[in-house]
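Next up is a structure, given as structure tokens.
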Amino acid sequence: MQTTKELITANLNEPQQQAVIQIEGPILILAGAGSGKTRALTHRIANLIDHGVQPWEILAVTFTNKAAKEMKARIENLLHITEGTDLSQWQTNAGKLPVMGTFHSVCARILRRDIDKIGRDRTFVIYDTDDQKRLMKEVLREMNIDETELKPKAALGYVSRFKSEALTPKQTESQATTPRMQHVVTAYKRYQKALFEANALDFDDMLLETVRLFTEVPEVLERYQNTWKYLHVDEYQDTNHVQYLLITLLAKKHGNLCVIGDPDQSIYAFRGADIRNIMEFEKEYPNAKRIKLEQNYRSTQPILDAADGVIDANPNRPEKKMWTENKEGSNVVVQEVGDEKKEALEAIKAADEMHRKKGIKLSDQVILYRTNAQSRIFEEACLKGGIPYRILGGVKFYARKEVKDVLSYLHVILNPYDTIALLRIVNIPSRKIGLTTIAKLQVFASENDMTLWDTLNIVDQVQEINQPTKERLQKFVELILQYQTKAKTEVVSELSGHLIHAIDMEHWLRDDTEEGENRWGNVQELLSVMHKYDALDPEASLMSFLEEVALVSEVDKLEDQSSDALTLMTLHLCKGLEFEHVIMAGCEEGIFPHANSMFDKDQLEEERRIMYVGMTRAKTHLRLMCARSRMLWGQTQANAPSRFLDDLPDAVTEKRSDELLSAFSWASKQGEASISSGIKPFKQKGDDINIEFDQDTDFSSEFNQDNELAEGTRVEHPTFGKGTVTSVRGDIVDINFDIGHKKTLALSIAPLKLL
């Protein structure tokens, strides 16, 4: 039987073993796609524990909750240990596993314990994207700024960028050099003030406030430095400046910092990710040990060679070459089609054929696209083709209206100063509290410098509101106060069950329609999720549930899907995932690379990295698709194939097109003369020739290689059936098929048979 030590180093290649046994000091692991970095990180942590490091002295920050759960499970298996509940582990150091989670979940725990040291309340709520938009909309409305001038989403984009660079509203004033930026900076100030008054944090605040806590209260920082002596950061290439500051502060005392990542997969600059964090790690830690993981355990060699061909064109990247023992595999298919409808049909057809002919489950296949706007056409094609699908990036479960309503009630019970949640539920289910009444309440609150909750508590003094409405508002306040008391003795599932019954939500949602049934079903599903927190004490149960809901990501939900369905998602969501068959759509100039990146060197390099990330999700089959014309954003565009396709090595690609001229031009550009044999320059001025051929057909000698065709000859095509030749121009024939189609075909390629 193997010892623990043997188990820890078993089945690791030499570079992985180096990463595992290097315990002290800074270490940079450059881990290519599919190179087993999670395995290396997991075994490294297990090795630390095996060498006597206490589990609570180790922190591992991962990119997704899914990655953290996977690592925990692997360490449990390696060390044959079991985990206590997260909360007791956190508070008493009694757990047998290290703290692992995303930056946001780790910061949420720190702030729950210590945010009061910087003057904030520990019962803060976390605003999700929907809450942030509502709040920013309110801020811009109060500033009398029309959405045509500045959209809430755009304003939030600026705010997020400021926060990811650790800039306070005061520090951004120097950027207010245009009227628009003046609005943005003012909106940032007001937005932060509104968050503070609501006792709420948005996602960026969770990191920023943790850095502020560590900076302003050194004894708190020292406590965490002494707790976490060994730090691990996964996907380090995607960290932003605030995350860098956080990790630097924690690592300062002991210097045991292991970062793992791949500069070639840095694709989140739009979120503030700074590739310099990984590129300059060795400058900051001159004694850092560098280890490269180049053996790939996911993809076949043709896929790796194709991906390397694309990424090699990026300058200033650390040199690494991915390789695999899995040398054999299908070539990468590059398929050009007429338009976006044909692209969707061909993509769905390819996925269905993989399913039927090769036994690859639909759930092991994915269609990736650069922008969300491309998704609709694939959804329609799936519906028409009867292909079950799931789309990531659509309406999240926790963002559905009825689910959000219940969550807002819980937010208000936990923290009644959460004005956004309060506004949402004050008339749900209907209490006949209209927008006019709410406006009067807001005016009163503003004039008296009060919060909405405080105003509701003295609603008798708001003279503009009539008595029956005041009574209904008072009943609402009594309901919240009653459930605040219950929250001290009831866990979240019990509390919510009683609340839903008290407000008669079932009757309100179930309106004898299928949609009503679905909405009530979603509420039931929400209650079932809550039971996970039944073991905690009531207050911790409520806070932990709301925290996890706020921090759940789209990618985390993918593993919960048990049905066999084709996945559709944007390229930015596919990080960390893998599929047997990957189809990448829209590989055209202006789409991918995106039009916004065309004149910016750094952005263009990032677009290339996005392409690389998408390609390296594929295990065995990869298809890259482009269209000669595309209707997108309300207009038809005819764009050239993506420049990234030019960098694919000929030896590992198979080019297909439904138009001969296009295929011919590709072939000659790449120096492949074979396809052009027998084809003469035939497009004369004034000709409008649309030539089609079918490369999926298996040609055989009985077809027309030596046939003499003339006008009137009867022929048969395996797809279009029987037809009559109407004209012959050298190697090109026009045929009227009996089914009513007129086609122009190339004799050297088209599988025609004389009748």
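Every residue in region 517-541 that is more than 30 Å from ARG109 (Cβ to Cβ), surrounded by fewer than 15 Cβ atoms within 10 Å (Cβ to Cβ) and either in contact with a Gly (Cβ under 9 Å, 6 or more places away or on another chain) or not acidic (Asp, Glu) (or both), please.
Correct list: ASN518, GLY521.
Is it the case that some residue within region 59-74 is closer than 17 Å to LEU577 by Cα and among the β-branched types (Val, Ile, Thr)?
Yes, region 59-74 has at least one match.
Also, quick follow-up: Considering each of GLU138, GLU209 in turn, give the residue that is under 26 Å from ALA269 (Cα atoms) and either outside any helix (DSSP H, G or I) or not polar (S, T, N, Q) (or both).
Residue meeting the stated conditions: GLU209.
Determine whether region 352-363 contains at least one residue that is within 22 Å of the chain's Cα centre (by Cα), crowded, with 19+ Cβ neighbours inside 10 Å and not small (Gly, Ala, Ser).
yes
Restricted to region 356-410, and to residues that are part of a helix (DSSP H, G or I) and aromatic (Phe, Trp, Tyr), which residue is nearest to GLY586 (Cα to Cα)?
Filtering region 356-410 for residues that are part of a helix (DSSP H, G or I) and aromatic (Phe, Trp, Tyr), the one nearest to GLY586 (Cα to Cα) comes out as PHE378.
If you go through region 1-32 one residue at a time, how many are under 30 Å from the mean Cα position of the chain (by Cα), surrounded by fewer than 23 Cβ atoms within 10 Å (Cβ to Cβ) and either of a type outside the set (Val, Ile, Thr) or in a loop (DSSP other than H, G, I, E, B) (or both)?
Counting residues in region 1-32 that are under 30 Å from the mean Cα position of the chain (by Cα), surrounded by fewer than 23 Cβ atoms within 10 Å (Cβ to Cβ) and either of a type outside the set (Val, Ile, Thr) or in a loop (DSSP other than H, G, I, E, B) (or both) gives 4.
Any residue in region 316-328 that's in contact (Cβ under 8 Å) with a residue 40 or more places away in the chain: show its pairings with residues that are of a type in the set (D, E, K, R) and part of a loop (DSSP other than H, G, I, E, B) at Cβ separation under 7 Å, as long as the two are six or more apart or on different chains.
These pairs meet every condition: LYS320/GLU294; MET322/GLU294.
Oh, and also: Has region 36-57 got any residue that is part of a loop (DSSP other than H, G, I, E, B), touching a helix residue (DSSP H, G or I) at 6+ places or on another chain (Cβ under 7 Å) and at pLDDT below 90?
Looking through region 36-57, none of the residues is part of a loop (DSSP other than H, G, I, E, B), touching a helix residue (DSSP H, G or I) at 6+ places or on another chain (Cβ under 7 Å) and at pLDDT below 90.
While we're here: Checking SER563 against (1) outside any loop (DSSP other than H, G, I, E, B); (2) among the polar types (S, T, N, Q); (3) over 30 Å from ARG122 (Cα atoms), only one condition comes out false. Which one?
SER563 satisfies all of (1) outside any loop (DSSP other than H, G, I, E, B); (2) among the polar types (S, T, N, Q); (3) over 30 Å from ARG122 (Cα atoms) except (1).
Return the residue satisfying two criteria in turn: it lies in region 134-153 and is surrounded by 21 or more Cβ atoms within 10 Å (Cβ to Cβ) and under 25 Å from the mean Cα position of the chain (by Cα), and of such residues it is farthest from ALA194 (Cα to Cα).
PRO152
Check region 254-271 and report whether any residue there is more than 22 Å from MET322 (Cα to Cα), of a type in the set (A, V, I, L, M, F, W, C), open to solvent by 10 Å² or more (accessible area, probe 1.4 Å) and not in a helix (DSSP H, G or I).
No, the conditions are met nowhere in region 254-271.
Still on this structure, please answer the following. Output the residues belonging to region 571-590 that are over 21 Å from LYS342 (Cα atoms) and either free of Cβ contacts under 8 Å to residues at least 12 places away in the same chain or touching a strand residue (DSSP E or B) at 6+ places or on another chain (Cβ under 8 Å) (or both).
CYS574, LEU577, GLU578, PHE579, GLU580, listed by residue number.
Just to be sure before I move on: is TYR244 open to solvent by 10 Å² or more (accessible area, probe 1.4 Å), under 23 Å from ARG609 (Cα atoms), at pLDDT 95 or above and in a helix (DSSP H, G or I) in the structure I sent?
Yes; evaluated as a whole, the condition is true for this residue.
If you go through region 329-344 one residue at a time, do you hit one that is more than 18 Å from the chain's Cα centre (by Cα), more than 30 Å from LYS470 (Cα to Cα), open to solvent by 10 Å² or more (accessible area, probe 1.4 Å) and of a type in the set (A, V, I, L, M)?
Scanning region 329-344, I find at least one residue that is more than 18 Å from the chain's Cα centre (by Cα), more than 30 Å from LYS470 (Cα to Cα), open to solvent by 10 Å² or more (accessible area, probe 1.4 Å) and of a type in the set (A, V, I, L, M), so the answer is yes.
Also, quick follow-up: Exactly one condition in (1) under 20 Å from LEU407 (Cβ atoms); (2) of a type outside the set (Lys, Arg); (3) not in a helix (DSSP H, G or I) is false for GLU147; which is it?
(1)
Moving on. Quick check on this structure: which one of ALA381, ALA399, ALA439 is open to solvent by 30 Å² or more (accessible area, probe 1.4 Å), closer than 30 Å to GLU343 by Cβ and of a type in the set (A, V, I, L, M, F, W, C)?
None of the other options fit; the residue is ALA399.
Every residue, every condition in (1) open to solvent by 60 Å² or more (accessible area, probe 1.4 Å); (2) basic (Lys, Arg); (3) farther than 25 Å from GLU142 by Cβ, yes or no:
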residue: LYS404; (1), (2), (3): no, yes, no
residue: VAL412; (1), (2), (3): no, no, no
residue: VAL426; (1), (2), (3): no, no, no
residue: SER446; (1), (2), (3): yes, no, no
residue: ASN457; (1), (2), (3): yes, no, no
residue: GLU471; (1), (2), (3): yes, no, yes
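Within region 300-321, is there a residue that is part of a helix (DSSP H, G or I) and surrounded by fewer than 19 Cβ atoms within 10 Å (Cβ to Cβ)?
The answer is yes, given that some residue of region 300-321 is part of a helix (DSSP H, G or I) and surrounded by fewer than 19 Cβ atoms within 10 Å (Cβ to Cβ).
Sticking with this one: Quick one: count up the residues across region 154-205 that are part of a helix (DSSP H, G or I), in contact (Cβ under 8 Å) with a residue 24 or more places away in the chain, of a type outside the set (A, V, I, L, M, F, W, C) and open to solvent by less than 40 Å² (accessible area, probe 1.4 Å).
Counting residues in region 154-205 that are part of a helix (DSSP H, G or I), in contact (Cβ under 8 Å) with a residue 24 or more places away in the chain, of a type outside the set (A, V, I, L, M, F, W, C) and open to solvent by less than 40 Å² (accessible area, probe 1.4 Å) gives 7.
Taking interchain pairs and intrachain pairs at least six residues apart, which have beta carbon atoms under 7 angstrom, with the first residue in region 8-19 and farther than 16 Å from ASN77 by Cα and in contact (Cβ under 8 Å) with a residue 60 or more places away in the chain and the second open to solvent by less than 40 Å² (accessible area, probe 1.4 Å) and part of a helix (DSSP H, G or I)?
Listed by first residue and then by second, the contacts come to GLN16/ALA40; ALA19/ALA40; ALA19/ARG44.
OK, next. Starting from region 477-498, keep only residues that are free of Cβ contacts under 8 Å to residues at least 60 places away in the same chain, then list their pairs with residues that are of a type in the set (Val, Ile, Thr) whose Cβ atoms are within a distance under 8 Å, requiring at least 6 positions of separation or different chains.
Final answer for the pair search is VAL477/VAL459; LEU479/ILE503.
Filter region 115-128 down to the residues that are without any contact (Cβ under 8 Å) to a residue 60 or more places away in the chain and in a helix (DSSP H, G or I) and list them by number.
Result: ASP116, single match.
Tell me, yes or no, whether region 280-292 has at least one residue that is crowded, with 22+ Cβ neighbours inside 10 Å and touching a residue at least 40 places away in the same chain (Cβ under 8 Å).
Within region 280-292, none of the residues are crowded, with 22+ Cβ neighbours inside 10 Å and touching a residue at least 40 places away in the same chain (Cβ under 8 Å).
Let me ask something additional. Hey, among the residues in region 638-658 that are more than 28 Å from the chain's Cα centre (by Cα) and not in a strand (DSSP E or B), which one's surrounded by the most Cβ atoms within 10 Å (Cβ to Cβ)?
The selected residue is VAL652.
Please go through region 335-351 and pick out each residue that is within 18 Å of GLN365 (Cβ to Cβ), of a type in the set (A, V, I, L, M, F, W, C) and in contact with a helix residue (DSSP H, G or I) (Cβ under 9 Å, 6 or more places away or on another chain).
Of everything in region 335-351, those that are within 18 Å of GLN365 (Cβ to Cβ), of a type in the set (A, V, I, L, M, F, W, C) and in contact with a helix residue (DSSP H, G or I) (Cβ under 9 Å, 6 or more places away or on another chain) turn out to be ALA344, LEU345, ALA347, ILE348, ALA351.
Yes or no, residue by residue, for (1) outside any helix (DSSP H, G or I); (2) out of contact with any Gly (no Cβ under 8 Å at 6 or more places or on another chain); (3) among the charged types (D, E, K, R); (4) open to solvent by less than 30 Å² (accessible area, probe 1.4 Å):
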| site | (1), (2), (3), (4) |
| --- | --- |
| ARG609 | no, yes, yes, yes |
| TYR612 | no, yes, no, yes |
| THR620 | yes, no, no, no |
| THR636 | yes, yes, no, no |
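Restricting the search to region 508-525, which residues are out of contact with any helix residue (DSSP H, G or I) (no Cβ under 8 Å at 6 or more places or on another chain) and touching a residue at least 12 places away in the same chain (Cβ under 8 Å)?
TRP508
The values are calculated or read from the model by the stated rules, or taken from the named source; none is laboratory data. Keep in mind that what you see is a predicted model, and the values were worked out from it rather than measured. No Cβ is skipped: glycine too gets one built from the backbone with ideal geometry, and neighbour counts run over all protein chains shown. Remember, those area values only see protein heavy atoms, side chains included, never the ligands or the DNA or RNA. Shrake-Rupley method; radii C 1.70, N 1.55, O 1.52, S 1.80 Å.
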